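Chemist: Below you'll find the structure I mean.
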Amino acid sequence: MQLAQQRSVLRQVGTQNRQRGSRVVAPQRPAVRTTRLTVANTAAPEISTQLSSSSTDLDEVRQSLAARLASSDVVMQPISIPGVPDDYHPSQGWRPLPHHLSKQEIWQRIRQEAKADADAEPTLASFLYSSILGHSSFEKSLNFILANKLASPTLYSTQLVKIIEDCFKEEPSIVEAALADMQACFDRDPACDKYTQCLLYFKGFQAIQCHRIAHHLWGKGRKMLAVALQSRISEAFHVDIHPAATFGRGILLDHATGVVVGETAVVGDNVSMLHHVTLGGSGTGKGIRHPTIGHGVLLGAGVSVLGNVTVGCGAKVGAGSVVVSDLPCHSVAVGVPARIVKQGSRSEPCQTMDQIEDFILDYVI
């Protein structure tokens, strides 16, 4: 799919994700096992000669690396991730996996974890009861937690509980997306040992759920209330997402501090972002002026993507990079401005969360 077509398709993800079971997916690729590219420790003599000490220009290094990748020294070794089918491609959109729990199973697990934590740490017993154990469903617990996070002296938690409850009833897919985000956090963040950690303490998860409420209100025409919630989200979590911005499912905001997303941005499914990521606009026009981020993209810490550009599905952008032009699907880019250092990668960066591989040029002198 061409980048222009992909941008058009991804901008429908918000509407289509509201229908249960609906997913926006990229064109089906042949079912191939997820692989990692491994280069042998030795290189052909002519390639080693090219990489002499006089070859200091980065373009020459890239050309030499490309020659190595075309040589017989390249070996494709499969990656095997426990619980993940070999034919699963996050860059094709969100779907439940065999090891994922149902909503009721997740809720039961959360209650079990909260009970165990209350027994082990009595100081937290009251907090855990009011946040989890005193509620009859995942929706009510999530509602209570978000309302109390967003409450202020002039915006009461009781008011917010009613607002969030109505949003959940009007758009049940908000809860489904929250469950997908929680599962994504549990799968991709090695620091997440329990579902209760994500629900109670991970502000990236809480911020994106609050944004989903604000986005629903924006779509219903209640724009001033949506903007008010955006302001409180920014104050409470240090995450500033315009309520009109569209997000898919399976989103991970890791650490989340300093994440900024503009009004016309579109973020697909299975996207992982580190702290201080900016999806910013360019210009003063009223049209589309913010990025489109494809399914399964990994954006490293401090990445800025500016303007009406598309980051293709399965792409990876290195920490501190500034993206100002389209990136193809399954490419790797790094730098200021970001330059493509690898294309056609079969890896799924949001699965491995590897923020080092592919950025360091592996060569022999």
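Chemist: Kindly evaluate ARG109 against the criterion of being modelled with pLDDT under 95, open to solvent by 60 Å² or more (accessible area, probe 1.4 Å) and of a type in the set (Lys, Arg).
Modeler: Here the answer is no, as ARG109 does not meet what is asked.
Chemist: Taking the condition without any contact (Cβ under 8 Å) to a residue 60 or more places away in the chain, open to solvent by less than 40 Å² (accessible area, probe 1.4 Å) and assigned by the TED database to the domain that holds ILE293, does VAL261 pass?
Modeler: So VAL261 fits the description; yes.
Chemist: Residues that are open to solvent by 10 Å² or more (accessible area, probe 1.4 Å) and among the basic types (Lys, Arg): list the strands (runs of 3 or more DSSP E) wholly contained in the stretch 283-365 that include at least 2 such residues.
Modeler: Values: elements: 304-306, 332-334, 339-342.
Those strands (runs of 3 or more DSSP E) span 339-342.
Chemist: Could you tell me whether any residue of the stretch 232-239 is closer than 15 Å to ASP166 by Cβ and either assigned to a helix (DSSP H, G or I) or in the same structural domain as LEU160 (by the TED database) (or both)? Reasoning before the result, please.
Modeler: Looking only at the stretch 232-239, we keep the residues that are closer than 15 Å to ASP166 by Cβ, and these are none.
No, the conditions are met nowhere in the stretch 232-239.
Chemist: For the stretch 147-170, check the following and say yes or no: at least one residue is touching a residue at least 40 places away in the same chain (Cβ under 8 Å), of a type in the set (Gly, Ala, Ser) and over 15 Å from GLN206 (Cβ atoms).
Modeler: yes
Chemist: Please verify whether the stretch 186-194 includes one or more residues that are in a helix (DSSP H, G or I) and open to solvent by less than 10 Å² (accessible area, probe 1.4 Å).
Modeler: Within the stretch 186-194, none of the residues are in a helix (DSSP H, G or I) and open to solvent by less than 10 Å² (accessible area, probe 1.4 Å).
Chemist: Find the residue count for the stretch 264-279, including only residues that are open to solvent by 10 Å² or more (accessible area, probe 1.4 Å) and outside any loop (DSSP other than H, G, I, E, B).
Modeler: 1
Chemist: With respect to the numbered conditions (1) without any contact (Cβ under 8 Å) to a residue 12 or more places away in the chain; (2) in the same structural domain as ALA177 (by the TED database), which one is the sole condition not fulfilled by ALA228?
Modeler: (1)
Chemist: Something else now. Scan the stretch 203-226 and tell me whether some residue there is of a type in the set (A, V, I, L, M), part of a helix (DSSP H, G or I), within 19 Å of GLN104 (Cβ to Cβ) and touching a Phe, Trp or Tyr at 6+ places or on another chain (Cβ under 8 Å). Break it down into steps so the answer makes sense when it comes.
Modeler: The first filter runs over the stretch 203-226 and keeps only residues of a type in the set (A, V, I, L, M), leaving 207-208, 213-214, 217, 224-226.
Filter again for part of a helix (DSSP H, G or I), leaving 207-208, 213-214, 217, 224-226.
After this cut, where a residue has to be within 19 Å of GLN104 (Cβ to Cβ) as well, the list is none.
No, the stretch 203-226 has no match at all.
Chemist: Quick check, is HIS238 farther than 21 Å from ALA177 by Cα and open to solvent by 40 Å² or more (accessible area, probe 1.4 Å)?
Modeler: On the way: farther than 21 Å from ALA177 by Cα: yes; open to solvent by 40 Å² or more (accessible area, probe 1.4 Å): yes.
Yes.
The values are calculated or read from the model by the stated rules, or taken from the named source; none is laboratory data. Computed from a prediction, not measured in an experiment: that's the story for all the values here. Neighbour counts run over all protein chains shown; Cβ positions are idealised from the backbone, glycine included. We work out accessible area using only protein heavy atoms, side chains counted, and drop any ligands, DNA or RNA first. Shrake-Rupley method; radii C 1.70, N 1.55, O 1.52, S 1.80 Å.
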